[in-house]
Structures are given as structure tokens and as C-alpha cells.
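Each value in this text was obtained by applying a stated rule to the coordinates, not by laboratory testing. Just so it is clear, the structure is predicted and the values come from calculations on it, not from any experiment. So basically every Cβ, Gly included, is an ideal-geometry build from the backbone, and we count neighbours across all protein chains shown.
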Amino acid sequence: MSSAANRRRKILDAITKAAALAKRDPADVQLIAVSKQRSPDEIEALINDGQQDFGENRIQEVLSKWPPLLERYPEVRLHGIGRLQSNKARDAANLFDVIHSLDRSSLLDSLSSESAKPVRKPLVYVQVNIGDEEQKGGVAIGELGSFMTKVRTSRLELIGLMAIPPLKVEPAPYFALLADLARRHDVRGLSMGMSADFATAVMLGATAVRIGTAMFED
Ligand SMILES: *Cc1c(COP(=O)(O)O)cnc(C)c1O
């Protein structure tokens, strides 16, 4: 087995253990391999081990790296996890099956008008600025209610909330807060947890974890 496949198996085991502790079904947790800045060979090793969901944060990189891979592996699903410029909405709607970073009204409007056309229609997570950090993207918690209403009346298919907790502090309270916001706003999907904290995120209800470093590096 390749070492990438080994790392992937270990991550899947850790997800299963964390889900068991929380009496959750591990099948309810989607593992997204964050492949930004990784080569097609590294990506292919994971696809050959059964990995189907990949996260990327830059449209340019997706356009230069993924078309041959997608041709060979049509079962792969691409997840947009980085900040998107509104003028890239068309590319984003065409390339991504799921967008985790819907973070403002102007992007909602652009994506929504692209989705009116007969192209693929991505599922969306609304990104929440969970730690109220100036430098981070995401909808402010106080504005989430009105933003969710706007998303629900758009053409996009809303599946949940996404957040990146502040660095260097215990992430659990932020994961718990995001889970609570999802309950209050009646969405099921929770995209939270990265290499350093995915087990905690799974215990607190994550339905999608986005893992880069732990998947690609020893
Ligand atoms: C890069 C990135 C990840 C993966 O982070 P790791 O710590 O390498 O697992 C997850 N989510 C987002 C939004 C990212 O940009």
C-alpha cells in the first residue's frame, strides 16, 4: 500500500473511533482530501485507494491540474474551500460539486445567476466567521439569519455551515457553536475540522472534514 493510502486509512480509523465515542455513524462523515499544492501523482495515489472527495482553494490551480484527472476519474467530486472572487463564479459553478466558502451576498448573487444557466449546480455551505476575526472570511454570526434566508430563496442548494476556528486556541467551543447555529438554522451539514483537530470536530458533529497535511505528509 502506498504511504498516502496508509495515511488515509489511519485518518479513516480515527474518524471511526471519534464517531463511535459520540455514538455517531462514521458513514455520516465525509473525508475531503485537501489537495491544494499537491501534484497529480500524489492525488492519483489517493484516488486509487478509493478517495473520491478532494478540496481545492484556487480556481487557477484547479484549471491547470484537474481536467486530465477528472477525465480519467469521473467519480471524483471537487470541493471549493477557499475564498472565491465573484468574477470567478462561473468557473466555480462549473468546476466544483460543492462550495464550502459562500461568505457574502455578492458571491451569492453571482453564483445564483450562474446556476440559472444549464450548467452544474454546486451544493453550498455558508461559511461563518465563527471567531469574529477581522482577517477571516465568513458571514458574521449576527447576520447569519438574514443571510440564510437569502440563500434559501436563491437557486443554490444549501447543505450546511462551514467554519475555520481561530488558530492556536482550543477549537472545541467553536465547533460546538457552529453545530448549535446549524441546529438553530435548520441545516444538517457541518464542514469543520482539519488535520490538527478533525477528531474533535467529528465528536462535535462534523459531517465533512477537510484534511490536507495529515493526508499528504508524514
Ligand atoms: C488548507 C485548508 C485545509 C486543510 O488544512 P490542513 O491543516 O492541512 O489539514 C482545510 N480547510 C481549508 C479551508 C483550507 O484552506
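One table, with the values for the structure above:
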quantity: Cα gyration tensor, the chain - rounded (a/c under 1.5), prolate or oblate; calculated: oblate
quantity: Relative contact order computed over the chain (Cα-Cα under 8 Å; 6+ residues apart), in percent; calculated: 21
quantity: Estimated 222 nm signal from helices in the chain, with DSSP H stretches of n ≥ 4 weighted -39500 (n - 2.57), rounded to 500; calculated: -11500 deg cm²/dmol
quantity: Efficiency of FRET from Cβ geometry, GLU133 and ALA5, R₀ 35 Å, rounded to 0.05; calculated: 0.45
quantity: Cα shape, region 105-192, gyration tensor, a/c 1.5 rule; calculated: prolate
quantity: Sparsely packed GluC sites (Glu not before Pro) within region 124-186, loop by DSSP, other Cβ within 10 Å at most 13; calculated: GLU133, GLU134
quantity: Net length gained if the chain between VAL169 and ASP25 were fully extended (0.36 nm per residue, minus Cα distance); calculated: 49.1 nm
quantity: Residue of ALA179, ALA92, ALA22 that the Gaussian network model of the chain assigns the largest fluctuation, springs spanning Cα pairs under 10 Å; calculated: ALA22
quantity: Gaussian network model of the chain, springs between alpha carbon atoms under 10 Å - residue of HIS185, HIS79, HIS100 with greatest fluctuation; calculated: HIS185
quantity: Spatially near lysine pairs across the chain, Cα under 22 Å, sequence gap of 8 or more or different chains; calculated: 15
quantity: Mean Kyte hydropathy of 1.0 or more with a Cα span along the axis of at least 20 Å, helices from DSSP in the chain; calculated: none
quantity: Two-site FRET efficiency, GLU75 against ARG184, from Cβ-Cβ distance with R₀ of 25 Å, rounded to 0.05; calculated: 0.10
quantity: Shape of region 1-102, Cα gyration tensor, a/c cut at 1.5; calculated: oblate
quantity: GLU143-LEU12 FRET efficiency (beta carbon distance; Förster radius 30 Å; 0.05 resolution); calculated: 0.25
quantity: Top of GLY137, GLY50, GLY205 by mean-square fluctuation, Gaussian network on the chain, Cα under 10 Å; calculated: GLY50
